[in-house]
Amino acid sequence: MNGFLNFVVSVTTTPALLVGLIAMLGLILQKKAATVVIQGSIKTFAGFLVLTGGAGILVTSLNPFATMFQHVFNAKGVVPSNEAVVALALVKYGTPAALIMIVGFIVNVLLARFTRFKYIFLTGQAMLYVSTMAAVVLISAGLGNGWLTILLGGIFEGTLLTVTPALTQRYMRKITGNDGVAMGHTGNMGYALSGWLGEKFGNRNPEKSTEKLNIPKSLGFLRDSTVSISLVMMVVYIILALIAGPHFVESAALSAGTNYIVYAITQAGTFAAGFVVVLQGVRMILSEIIPAFQGIAKKLVPNSKPALDVPIVFPYAPNAVLIGFFVSFVVGIVSMLIMLGLGTTVIIPGVVGIFFCGGAAGVYGNAFGGVRGAIIGSIANGLVLAWGPLLILPALGSFGANAASTFADSDYIVSGGLLGVMGKAGSATLIIFILAFLVVVLITSALLNRRDKLNAK
């Protein structure tokens, strides 16, 4: 049993393999030739590996940035990092987390099949992180680690991962120019907020987009995203390296003797290289997964859409990604300094999480609001990322009290915080809340379907 469970969990938490199998199923349902099935499945699988490889390069280049940053500010506190907190939590909550994830995926597919929310969440690691959060919060609330926690956690996760892509889909259509793919990430609430604020307070003139900045002809080479990203990151890395000083940067923990300026330039170039790899992976995935998914949409879950990981939007607005990252990072630094002054638990900006969530927030804010929208949306998202972890820490019980890390993205913060509040009111309240969440989604779907039918008459 443990071997089978390990196999299932390994497949569902390996996005490249999961999406490759989904593509294979879609092509088989379309009765494509065996050669087409093999080609489409392998290219989707490889495309996701390219995407995750590029994301890994980005993370590798950002880690020294985070180390230098903490050295410069000499800050001690809690660093939001999904990967770190989940790794710690799985030691104690691994089995219920794995079972919750499986139940959650089943609930997601059923809701996509029978409601108007046609989003199948395919970001495996995010599924595992949500199930881990649910396990920690529910068990900390006194529900134990038995079947009730697994069932309720699965219902909560499946419902959450079905609904949150719907919050951002209006902006996804604007960003991508089609309705074929959705956002499958745990920052969706923050992205929806960024998109909404960008639309309300930004500049809707298409010429004000971050990708149409008025750059003089002499600086036209900056329109190449690889060049502009490299130069911007070089400036940032070099400034941080200069402040940190050669003695620290050239230590064994970082450059291991390489000149600190050369090291900073190399890390900036590595960041740009990772971005290029991500773009290539996105192109490979989209060229295969959308046609393949038509088989699933027609046969199993009519009109369904794949909800994919956050880098899927980066190629559409690379300038907005940089704006979102830097604005969110500055908000995080200012918030950290305020926390130090107030004497609260200090949330140290997690550079990796801020890059992905902040960068995406910039893209969403830019969708309808241009440069102004990207900035406003990123500020709002940055505030959520900076202060939100203070809300979820109490929900994690004794685990949260002793951890040096916590969940980072907006969906964990909001949903985990709500679960924690309900859990403190008692097990019965928590159970009612989770079931009510599912019922509200079902009723909302029915009412919206009815509205659409009336409007069609």
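The values are calculated or read from the model by the stated rules, or taken from the named source; none is laboratory data. Predicted, not measured: the structure shown is a model, and the values here were computed from it. For neighbour counting, all protein chains shown are included, and Cβ atoms are generated from backbone atoms with ideal geometry for every residue, glycine included. What goes into the accessible areas is simple: the full protein's heavy atoms, side chains included, and nothing from ligands, DNA or RNA. Shrake-Rupley method; radii C 1.70, N 1.55, O 1.52, S 1.80 Å.
One table, with the values for the structure above:
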read-out	value
Solvent exposure ordering (accessible area, 1.4 Å, most first) of Lys212, Lys43, Lys200	Lys200, Lys212, Lys43
Cut-off under 5 Å, modelled amide H: who pairs with Ile120 long-range	Lys305, Ala307
Exposure of Met284 as accessible area (Å², to 10), given a probe of 1.4 Å and all protein chains	50
³J(HN,Hα), Karplus 6.51/-1.76/1.60, whole Hz, each residue of region 302-310, x for Gly, Pro	x, 6, 6, 10, x, 9, 10, 5, 4
Computed E for Leu391/Val235 - FRET, C-beta separation, R0 30 angstrom, nearest 0.05	0.30
Exposure rank, largest accessible area first [Trp196, Trp147; 1.4 Å]	Trp147, Trp196
Efficiency of FRET from Cβ geometry, Lys212 and Ile243, R₀ 45 Å, rounded to 0.05	0.85
Label-to-label distance, nm, for residues given as Thr258 and Leu337 (7 Å Cα→Cβ offset)	3.1
Linear extension gain, Ala446 paired with Trp147, 0.36 nm per residue minus alpha-carbon span	104.7 nm
Fraction of the pair-distance distribution of region 3-447 above 32 Å, Cα-Cα pairs, percent	38
Cα→Cβ-extended label distance, 7 Å offset, between Thr226 and Lys174, nm	3.1
Counted charge near Gly370, where neighbours are those whose Cβ lies closer than 15 Å (Asp, Glu -1; Lys, Arg +1)	+3
Ile106-Lys200 pseudo-label distance in nm [points 7 Å out on the Cα-to-Cβ vector]	4.0
Region 1-70: radius of gyration over Cα atoms, expressed as a fraction of 2.2 N^0.38 Å	1.54
Per-residue [θ]222 nm for the chain (sum of -39500 (n - 2.57) over DSSP H runs n ≥ 4, rounded to 500)	-26000 deg cm²/dmol
Added length on full extension, which subtracts the Cα-Cα distance from 0.36 nm per residue, Lys92 to Ala33	16.6 nm
Zone residues, region 105-147, relative to Lys453, backbone N less than 17 Å from point 7 Å out along Cα-to-Cβ	114-117
Global geometry of region 264-338, whether rounded, prolate or oblate, following the gyration tensor of its Cα atoms and the 1.5 cut on a/c	oblate
Kyte-Doolittle mean at least -1.0 and Cα axial length at least 30 Å: DSSP H helices in the chain	34-73, 82-114, 147-176, 260-299, 318-342, 427-456
